[in-house]
Amino acid sequence: MRYFHVDAFAQTPFTGNPAGVCPLEAPLPAALMQQIAAENHLAETAFFVPRPDAPGEYDLRWFTPAVEIDLCGHATLASAHVLFAHLGFAGPQVTFHSQSGPLRVTRAADGLLTLDFPSRPPQELPVHPTGLTDALGATPLRVLAARDLLAVFNSEAEVRALTPNFARIAALEYVGVIATAPGADGIDFVSRFFAPRVGVPEDPVTGSAHSILIPFWAEKLGKTELRARQISPRGGDLWCRLRGDRVDISGYAVTYAAGELLVSVGS
């Protein structure tokens, strides 16, 4: 099968978040897709299949090295990039059908890709989850939760300085932990994302986390258009907008490698 390695939320290789993308003609067994994702050992590998009689619509699934997940931003961005840049898709918008409903990706003239994702506003937790401070190596100002925990800090410096204990983070009853703080120099907020529970110790740039971050920061800052930066070692920039119960998450993508995977169904 054809295979692409794409750096998402990036304009040059070796930045952003690498994703594996496998365009398929027909669905594969879930166990085989999980094996491929484990072999790739990237944060996520995406698999998409065209819907019959529905041009521009695809069924999309994502796998970390350990599990299938319900929502992934960077591998969705990477999948759209592959369609636009390598598979001859000529329309301005592609629609992926996923566990989290329809996800649309629009391409601008300059190559900027915009994800239309669900908004997942986090809810305040009056009591910090047991072990969170030890897991992060610091005490957040506030803790909120949706699919992931959201730990809010005073400053970017505090988020950069975190030294997470991945075993303790994995013991928390959430997919991942987002650490966030206000940004500076035109950046509204920064973040880091830890998800060792699903096989991703620190994710370089996490689109799905921004389904939680965008409604939180939009309310806190009183604005619906925001600039974000994930301050992992690779780093990545995102342009964000809150639209009611949806969020727009925009970024660029660049292909690092293209080739074939030599596997057999039932192998």
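The values are calculated or read from the model by the stated rules, or taken from the named source; none is laboratory data. None of the values given here were measured: they were computed from a predicted structure. Here the Cβ positions follow ideal geometry from the backbone for every residue, glycine too, while neighbour counts run over all protein chains shown. For accessibility, only protein heavy atoms count, side chains too; no ligands or nucleic acids. Shrake-Rupley method; radii C 1.70, N 1.55, O 1.52, S 1.80 Å.
Tabulated values for the structure
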quantity	calculated
Among the residues listed as 116, 134, the single one being assigned to a helix (DSSP H, G or I) and under 25 Å from residue 43 (Cα atoms)	134
So residue 84, is it under 23 Å from residue 16 (Cβ atoms), open to solvent by 10 Å² or more (accessible area, probe 1.4 Å), part of a helix (DSSP H, G or I) and not charged (D, E, K, R)	yes
Matching residues, the range 223-267, being in contact with a strand residue (DSSP E or B) (Cβ under 6 Å, 6 or more places away or on another chain), open to solvent by 50 Å² or more (accessible area, probe 1.4 Å) and not in a strand (DSSP E or B)	224
Single residue of 14, 4 found to be surrounded by fewer than 19 Cβ atoms within 10 Å (Cβ to Cβ), farther than 23 Å from residue 175 by Cβ, among the aromatic types (Phe, Trp, Tyr) and touching a residue at least 40 places away in the same chain (Cβ under 8 Å)	14
From 229, 168, 241, residue being under 18 Å from residue 105 (Cα atoms), basic (Lys, Arg) and modelled with pLDDT of 95 or more	241
Odd one out for residue 205, checked against (1) assigned to a loop (DSSP other than H, G, I, E, B); (2) in contact (Cβ under 8 Å) with a residue 60 or more places away in the chain; (3) farther than 21 Å from residue 156 by Cβ; (4) not basic (Lys, Arg)	(3)
Search result, residues across the range 36-60 that are modelled with pLDDT of 95 or more and either more than 18 Å from the chain's Cα centre (by Cα) or over 22 Å from residue 10 (Cα atoms) (or both)	36, 38, 39, 49, 50, 51, 57, 58, 59
